[in-house]
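Some notes on the structure that comes next.
The values are calculated or read from the model by the stated rules, or taken from the named source; none is laboratory data. Since we're looking at a predicted model, the values are computed, not measured. Using ideal geometry, Cβ is built from the backbone for each residue, glycine included, and neighbour counts are taken over all protein chains shown. What goes into the accessible areas is simple: the full protein's heavy atoms, side chains included, and nothing from ligands, DNA or RNA. Shrake-Rupley method; radii C 1.70, N 1.55, O 1.52, S 1.80 Å.
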Amino acid sequence: MSDANSSEENFSQKLYKFVECPLLGLCFKTSITGKLIGMLVISLLGFSLVSIQHTLALQKVDKHLHELQAVSMPQYKVSQYILRQLNGFKISLMHILEQPDHQSPAVNQDILLNRQRLDDFKRMITALRSGGKVHDVARISNETLDVFTVEPAARDTEVSESLAEISQELDTVDADFARFSEIIFNNGGKDDEAEALEDLLGSLDDLYDLVTRFTVLVNTRHNTMVSESGGIIHDSRRDSILISLVAAIILTLGTMLYILLIVRPLKDILENIKGIAKGKGRLTHQISVKTNDEVGQLAIQLNKLVDNIFSLNSFKAIIEEEETTTDVHRRLAQLLHERYHFDKLIIYELQGNSKKMAVAYATDHELLCADEVVADVNLCRAKRTGHPISFTQHPEICKHFPFGGKYVHHCVPMIAGGRVIAIVQFLRDASGTPSELERFEDSVKWAMRYIKEATPVVEAKRFAMVLKETTLKDPMTDLYNRRFLESYVDTLIANCKRRHAKVGVMMCDMDFFKEVNDTHGHEAGDAVIIKIAEILKSCVRASDMVIRFGGEEFLVLLIDIKSREEVCELAERVRQTMEITSIKLPDGGTLKKTVSIGYCEYPTDTEGFWEAIKFADVALYRAKDEGRNRALCFRPDMWTKETY
């Protein structure tokens, strides 16, 4: 081990002697940022050279490709087309000579076809010389086989001269064909016809030779440009390899220096980070700081970062397991007090649509905000604006703060879903020095991170509570619904058995309720449902339960009754109250309705709770059968079946 340390020290001494060179010494003594910038410059220089070399090569290849696509290939296509049509021209001449009657429509068609061929030749040659579009059209089907654009060939002298010769010879062919056509149409002598045909065939052969030589010339140029493009690509690949190799060597040397001068001092930091990542590190563990350079500053900031990350994660994991929003607020206040030493802290919680603020936590209730603000949350500037309010930054910004001059405050709203759900108020003595007030504001900024983490948890728990409440209550009447009964029935039965208590089960149903909806509309029906719910709640005790069982049916559970007469009295009181009550309708009118009621006693009539509800329902429908607007107690003769 000592030999290894000795060799390392000797290497370091040799290295620092080596860097006594001014240029290399400057490189070694620069900051980490300077070293990285130097490596970046070298990298960018190498990549720039490769990019420039590639760009130049691509420009050359693109130029050749353009020549091939816009000049060479169109010229080759036109020459092939002319050669193909020249053969067709000769075949057409043979067909004319074979016809016994030179005045026949077939001869006229062949002459017109050859005339069209000559016109096409002229247009194509003109396009090759001056530039333009060329259309390759099939003679029989008259369909366009190809359309391509040709650039003028004026820049290439040899090609221009060849095209000029072809154009001149084409004029000769045109003249000879005109003379031949005239003799054919005028039935000239055999000698004149033979002479004209010989001249025409000779000019056609000359044109064919010129076009053939032009095709060979174009093909040679094409092959030359393809070969040159391959050479450009080969040279570009070679130059790129050389430049990349030089850049790689320079970067390798720079990387070795980077490892020696930067990476090795970071090794201790990395080992500590690995320990923390594996769970071996402690939250209070600090990475040792040996220098005051960038590496030392990195260690300091990393200590803060790791501490904050662990603290935030631990805090969020803990509050997610809390049961209520109040527990979350208390946990938040406890952490802020322990971590940032806030000894004056109040958390206000907003209660749904209520204007009042509830105090979820307070270190000292004597420091609560003004009574009018607690009673009307809209007077709170932090709630109204949704922005943090700082007395130190903007003195007297809050008109309702009751401790001006004695304390400074910083109020932070907790915002979820675009609305304020709570407000955290930090206070401290106003007599502090400017530096102490500045530290107070910095601590508040750090505390806002934890407030931000706590906000969605608070909102989620509030939402869960509201959701649970809404699933168990009827939104129209605010009564418990059948789902609540299903979740509560086991508890109710257990309590009754433990205390040997009796429960009155009363089922109520509106008489002729369908007529209300059919005659007055569903809004009137809702008003009737709400009214009977109000009557039922006003008639029962606080310990009893009124449940909207379904539609216009209501179930009333009378807890701990002494006798059946109590149920009977309540049923009759509900019936009479409903009978004399005038219900106001949405259209301004009034309506009176009656109710039919059936009731029984649990567990006197049956030991099954759901069977007791069934018996009350049976008594209800017996009341309806006997004329409605009455309350009947269940009797065994009303239900003769063994099961319900």
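List of remarks:
- Counted residues, the stretch 540-577 - those being under 24 Å from H522 (Cβ atoms) and touching a Ser or Thr at 6+ places or on another chain (Cβ under 6 Å): 1
- The selection criterion, being open to solvent by 60 Å² or more (accessible area, probe 1.4 Å), part of a helix (DSSP H, G or I) and modelled with pLDDT of 85 or more, does not hold for E469.
- Selected residue (only one of S92, S130 is modelled with pLDDT under 80 and open to solvent by less than 60 Å² (accessible area, probe 1.4 Å)): S92
- Residue within the stretch 409-424 that is out of contact with any Ser or Thr (no Cβ under 7 Å at 6 or more places or on another chain), in a strand (DSSP E or B) and more than 18 Å from I346 (Cα to Cα) present: yes
- A search for C-beta distances below 6 Å between a residue of the stretch 515-540 that is more than 13 Å from M578 (Cβ to Cβ) and touching a residue at least 12 places away in the same chain (Cβ under 8 Å) and any residue that is among the small types (G, A, S) and part of a helix (DSSP H, G or I), counting only pairs 6+ apart in sequence or on different chains, returns V516/A524; V516/G525.
- As for the stretch 626-642, it holds no residue that is within 60 Å of the chain's Cα centre (by Cα), in contact (Cβ under 8 Å) with a residue 12 or more places away in the chain and either under 26 Å from A501 (Cα atoms) or surrounded by 16 or more Cβ atoms within 10 Å (Cβ to Cβ) (or both).
- Residue that is least open to solvent (accessible area, probe 1.4 Å) [pool: residues in the stretch 174-201 that are touching a residue at least 24 places away in the same chain (Cβ under 8 Å) and touching a Phe, Trp or Tyr at 6+ places or on another chain (Cβ under 8 Å)]: L200
- Within the stretch 574-612, the set of residues being under 56 Å from the mean Cα position of the chain (by Cα), of a type in the set (A, V, I, L, M) and open to solvent by 10 Å² or more (accessible area, probe 1.4 Å) comprises L585, L591.
- Considering (1) part of a helix (DSSP H, G or I); (2) open to solvent by 20 Å² or more (accessible area, probe 1.4 Å); (3) in contact (Cβ under 8 Å) with a residue 60 or more places away in the chain, the lone condition that V618 does not fulfil carries the number (3).
- Only a single item in (1) closer than 16 Å to C508 by Cα; (2) part of a loop (DSSP other than H, G, I, E, B); (3) free of Cβ contacts under 8 Å to residues at least 60 places away in the same chain is not met by D605, and it is number (1).
- Residue list for the stretch 568-602, filter: assigned to a helix (DSSP H, G or I) and either over 16 Å from A631 (Cα atoms) or of a type in the set (D, E) (or both): E569, E572, E579
- P105, sole failed condition from (1) open to solvent by 60 Å² or more (accessible area, probe 1.4 Å); (2) touching a residue at least 12 places away in the same chain (Cβ under 8 Å); (3) of a type outside the set (S, T, Y): (2)
- Boolean, A360 is within 27 Å of R439 (Cα to Cα) and assigned to a strand (DSSP E or B): yes
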